[in-house]
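Accompanying notes for the structure given below.
What follows is calculated from the coordinates using simple rules that are stated; it is not laboratory data. From a predicted model like this one, the values you see are computed outputs, not experimental measurements. Methodologically, a virtual Cβ is constructed for each residue, glycine included, from the backbone with ideal geometry; neighbour enumeration extends over all protein chains shown.
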Amino acid sequence: MSPGQPVFFYDLGDPESYLVAERITSELGVVAEWEPVLSADLVAKRPAADPVRLAERAQELGLQPLRWPPGWPPDTRTAMLAATYAKRTGRTVSFSLAAFRQAFAGGRDLGRVDNVLIAAAAAEMHPSAVLKGIELRSVRDALTAATSRAMAAEVAELPAIQIGTRVFAGAEALQAAVTSVGASAG
């Protein structure tokens with residue numbers, strides 16, 4: 001990560017993070033570092049997502065209709081370990097977008113390893129390598145460290161975008177970050 005590069009903190013089980021993930025690259029105007037974190041370890045209990053509002057928002061944004069995975073929200077630990085492993089291989093964005101789409105456009109449960117492996121295949125990651133990668137202590141430690149970095153930055157809600165010392169979080173994080181980047185560029 002270069003100084004001043006925005007950091008996008010997300011969890012693959014968070015629908016608000018999905019809505020930001022689909023747009024961050026095109027709207028922010030600068031490349032953000034994607035940082036997978038465990039929302040269960042990071043975020044205080046917040047109200048359940050409003051499926052109707054999120055579906056309307058997805059439609060406004062021109063995204064595929066949201067399909068909720070059965071038993072949502074899932075335990076995303078395995079998916080987040082896979083995202084952390086993907087980061088090591090330079091495939092964070094492609095894997096994470098594929099996983100988000102599996103969950104919220106395909107309605108697949110990311111708590112199931114086979115759905116995580118489908119996303120990995122879409123990112124050209126070999127299933128055996130992913131299965132071995134998510135078992136590595138170094139990958140578990142990297143996910144824990146990323147979550148700790150988010151806590152240290154005072155991220156209390158996902159999605160979150162950190163630019164310098166400022167953190168923009170929640171449903172309007174991307175718009176606030178875009179405004180901040182635009183103001184600093186002008």
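At-a-glance table
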| item | result |
| --- | --- |
| Computed label-point distance, nm, for sites ALA145 and ARG23 using a 7 Å Cα→Cβ extension | 3.3 |
| Sequence of TRP34, TRP68 once ranked by neighbouring C-beta atoms within 10 Å, starting from the fewest | TRP68, TRP34 |
| Residues of segment 89-115 with amide N under 15 Å of the 7 Å Cα→Cβ point at LEU136 | 89-92 |
| Relative exposure of LEU136, LEU12, LEU63, judged by other C-beta atoms within 10 Å (fewest first) | LEU136, LEU63, LEU12 |
| Two-decimal log10 I(q)/I(0) for segment 42-94, as the Debye equation yields it once each C-alpha is a single scatterer, q = 0.13, 0.17, 0.25, 0.28 Å⁻¹ | -0.51, -0.83, -1.01, -1.00 |
| Within a Gaussian network of the chain (alpha carbon springs, distance under 10 Å), most fluctuating of VAL116, VAL20, VAL31 | VAL31 |
| In segment 85-169, the GluC sites (Glu not before Pro) that fall in loop regions by DSSP, at most 12 other Cβ within 10 Å | GLU124, GLU135, GLU154 |
| Projected area, mean over directions - segment 57-134, Cα convex hull, nm² | 4.9 |
| Dipole axis of the chain (+1 Lys, Arg; -1 Asp, Glu on Cβ), positive-most option in LEU28, VAL7, ALA83 | ALA83 |
| Overall dimensions of the chain as given by Cα atoms, namely Rg and Dmax in Å | 15.4, 48 |
| Residues ASP11, ASP114, sorted so that the one with the fewest Cβ neighbours within 10 Å comes first | ASP114, ASP11 |
